[in-house]
1. Quick one: work out the % antiparallel among DSSP beta bridges in region 12-121, nearest 5.
2. In the chain, if the dipole is taken from +1 on Lys/Arg beta carbons and -1 on Asp/Glu beta carbons about the Cα centre, which of Leu80, Ser121, Val48 is farthest to the positive end?
3. If you take the Cα Rg of the chain and divide it by 2.2 N^0.38 Å, with N the number of residues, what do you get?
4. Below 8 Å between Cα atoms, with a sequence gap of 6+, how large is the relative contact order for the chain in percent?
5. List every residue whose amide H lies under 5 Å from the amide H of Arg71, counting only residues 5 or more places away in sequence or on a different chain, with H placed 1.01 Å from N in the peptide plane.
6. Please tell me the relative contact order of region 1-49 in percent, rounded to the nearest whole number, where contacts are Cα pairs under 8 Å and at least six residues apart.
7. Roughly how many Å² is the accessible area per residue of region 39-121, as a whole number, for a 1.4 Å probe?
8. Show Asp72, Asp61 ordered by accessible area, largest first, where the area counts protein heavy atoms only and the probe is 1.4 Å.
Amino acid sequence: QVQLVESGGGLVQAGGSLRLSCAASGSIFSINAMGWYRQAPGKQRELVAVITSGGVTNYADSVKGRFTISRDNAKNTVYLQMNSLKPEDTAVYYCNAEVKPYRYWANEYYWGQGTQVTVSS
């Protein structure tokens, strides 16, 4: 079993910054992609940013130039630095990881419990 624990959410004024962290623990042989998704009230969950084990990144158009995803493979941790935050960034942010629990095991996908980010105008 794999657990993803997120931290770093909170309340911030528009234009401010927050840094989210997500640490994976448990039965982990390797982790391929790690990413951040968000879900605002009444909306579907959407991809924010993703990073592969080799450091290749991809961002939603709405956050390009403002958010930066990074990871520490030694710590099985992914980060999301969010700058120039806007009220429309308000959502619950979820961490996701593609994990190979054991060497000859198929990859599995895990989610964190979510962390609230609220941006006031």
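1. Looking only at bridges with both residues in region 12-121, the antiparallel portion is about 95 percent.
2. Leu80
3. 1.04
4. Averaging sequence separation for qualifying contacts and normalising by length gives 36 percent for the chain.
5. Tyr79
6. Result for region 1-49 is 30 percent.
7. I get 57 Å² per residue for this part.
8. So, going from the largest accessible area down, we get Asp61, Asp72.
The values are calculated or read from the model by the stated rules, or taken from the named source; none is laboratory data. Values in this document were obtained by computation on a predicted structure and should not be read as measured data. Neighbour counts are summed over all protein chains in view; Cβ atoms, including those assigned to glycine, are modelled from backbone coordinates with ideal geometry. The accessibility values were calculated without ligands, DNA or RNA, using every heavy atom of the protein model including side chains. Shrake-Rupley method; radii C 1.70, N 1.55, O 1.52, S 1.80 Å.
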